[in-house]
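The values are calculated or read from the model by the stated rules, or taken from the named source; none is laboratory data. The shown structure was predicted, so the numbers you read here are calculated from the model rather than taken from an experiment. Backbone-built Cβ (ideal geometry, glycine too); neighbour counts: all protein chains shown. Ligands, DNA and RNA are excluded from the accessible area calculation, which covers all protein heavy atoms including side chains. Shrake-Rupley method; radii C 1.70, N 1.55, O 1.52, S 1.80 Å.
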Amino acid sequence: MEKIVPIIPIRDGIIFPSTDSVLTFGRPKSLAALESAFQHERIVCFALQKNSRLNDPNPEDLFEIGTLSRIERMIRTDGEINAQVKGLSRVKIVGFEKHDSYFVARVVELEEVVEDTEEIKALCNHLTNEFRKAMNFGKSADFLLFMNIMSENSPSELSDLIASALELKPTERQELLEMLDVKARLQKLTELLAKELKILELERRIASKTQERFEKGAREAMLRERLRTIEEELGDKEDGSENKVLLNKIKAAKMPEEVEEKAKKELAKLQNMNQYNPEAGYIRNYLDLMVSLPWGNESKDNAEIKEAEKILDEDHYGLKKAKERIVEYLAVNKLAGKMKGPILCFAGPPV
């Protein structure tokens, strides 16, 4: 049976049957349609726009499947109306009527395909349990809506309640609204809910790992501060700590002034660094190398060419050109006495 009702376009929301929603309207045609309907039977039809950016859509810009709804109450504000509406049934727009102030159309209610089978019952039970699981994982949903989902509902009512609670795109909601086969709708909702549940699980896992890292870092910082305080109170910081030992070694190494200053800066950086920082190991190894070098030790040069060749051959395999260059340097140095030239430094094991 056809009904003639005001049509109100909505940009990105869907009113499902058996659900309550609070909507805000501000476009002139929508305000006029609400005012007119509220003064009569309070029945309107909400239809989704195909393009949400359109501010003044035409009839062809609307989906032909919409929701027949009842306006429960309205609150008028400056230029807007906040309305509580309840979805009643799925309808198809079969033709628009001429009207100056707002859209009016003929609509017919659509009959759903419902089967009373064990599979339908299993799907309903599965959806209810999965939705409860999603709420436990932190899904945001209105408490009254959650209680309605957990109550006794027909398969059609349950599917519409859950569809209104999921985070879906407008086109996905419209697809669910146009599904008249309740079994197919329940199966589709099972897929969508499983996808949302997986996202919630990942978000919870990420949040848990982030919290664990934060708590670990905070705990380590607190323990390091406590240890520093204890060392200061006991007087051990200047006598027995690892950093103090390194400082004493730096002072005793008889480094050149510039080198010693650099070493102390690196030590200060190490002292304020988290021990789990990879850079801490590099700085510690660098300081160990610096203090192990014989900065204050001198030895008398032995410029015997034959002895030098013998030592080079015994300690270093290959490197023929390098050895020849060293021997040439020693020979020139022996003939000329003291001479300025490059300083040769070998690091690492023989190769």
TODO: Select from segment 29-137 those GluC sites (Glu not before Pro) which occupy a DSSP coil region and have at most 12 other Cβ atoms within 10 Å, ordered by residue number.
DONE: E41, E111, E115
Task: Longest to shortest principal axis, alpha-carbon extents of segment 9-150, angstrom - done: 50, 35, 30
Task: Radius of gyration and maximum dimension Dmax of segment 26-93, Cα, Å - done: 12.3, 33
Open item on the list: Taking all protein chains in place and a 1.4 Å probe, what share, in percent, of the accessible surface of segment 31-160 do carbon and sulfur account for?
Closed with: 46
- [ ] Return the tail of the calculated pair distribution for segment 103-184, meaning the percent of Cα-Cα pairs more than 16 Å apart.
- [x] 57
- [ ] For segment 81-86, just list the computed ³J(HN,Hα) in residue order, Karplus coefficients 6.51, -1.76 and 1.60, θ = phi - 60°, integers in Hz, with x standing in for Gly and Pro.
- [x] 10, 9, 10, 9, 10, 10
TODO: Excluding N277 itself, calculate the net charge of residues whose Cβ lies under 13 Å from the Cβ of N277, where each Lys or Arg counts +1 and each Asp or Glu counts -1.
DONE: +1
Task: For segment 80-220, the spread of Cα positions along each principal axis, largest first, Å - done: 74, 47, 24
- [ ] Between beta-carbons, use under 12 Å as the cut-off and find the net charge around K121, counting Lys and Arg +1, Asp and Glu -1.
- [x] -3
- [ ] Please list D78, D160, D61 in order of solvent-accessible area, largest first, computed with a 1.4 Å probe with all protein chains present.
- [x] D78, D61, D160
Task: Choice from S89, S30, S292 with maximal GNM fluctuation in the chain (Cα, 10 Å cutoff) - done: S292
Task: Surface per residue (accessible, 1.4 Å probe) for the chain, Å² - done: 66
TODO: For every other residue with a beta carbon closer than 11 angstrom to the beta carbon of K169, add +1 if it is Lys or Arg and -1 if Asp or Glu, then tell me the sum.
DONE: -3
- [ ] Please provide three numbers in whole Å: the alpha-carbon extents of the chain along the principal axes, with the largest listed first.
- [x] 120, 55, 52
